[in-house]
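Reviewing the structure listed below.
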């Protein structure tokens, strides 16, 4: 099993479970749209893979890299958590988001080969 994928998946599941247990049901629109959420998750995968491949100097925290990633997309942690909660309650749409991420990762892989 790929350590990078399993570690990220573990934290994604934990965040989803926390959101499911703490959020009120909101069937309106998500705070972050499908395409933008797919871009953020895509960048999370790339960041996680990079951080696992390259040793991080002492004093640097992984959290910094994730905060920078959200800042790059103009999203706060609270907004991302809220969107993740919404998508976890609308799993059919969350599946579409992950399909977009998978498609983009496959396209990038093909370009590298």
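The values are calculated or read from the model by the stated rules, or taken from the named source; none is laboratory data. Worth saying up front: this structure is predicted, and the values here are computed from it rather than measured. Neighbour counts run over all protein chains shown; Cβ positions are idealised from the backbone, glycine included.
Sub-6 Å Cβ pairs linking a first residue in segment 99-112 that is farther than 21 Å from residue 87 by Cβ to a second residue that is not in a helix (DSSP H, G or I), at least 6 apart or interchain, number zero.
Give 85, 67 a once-over and let me know the one that is surrounded by 11 or more Cβ atoms within 10 Å (Cβ to Cβ) and modelled with pLDDT under 90. Break it down stepwise before answering.
Working: 85 fails: modelled with pLDDT under 90.
After ruling out the rest, the residue left standing is 67.
Return yes or no: is residue 50 modelled with pLDDT under 85 and under 18 Å from residue 108 (Cα atoms)? Steps first, answer last, please.
Working: modelled with pLDDT under 85: yes; under 18 Å from residue 108 (Cα atoms): yes.
So residue 50 fits the description; yes.
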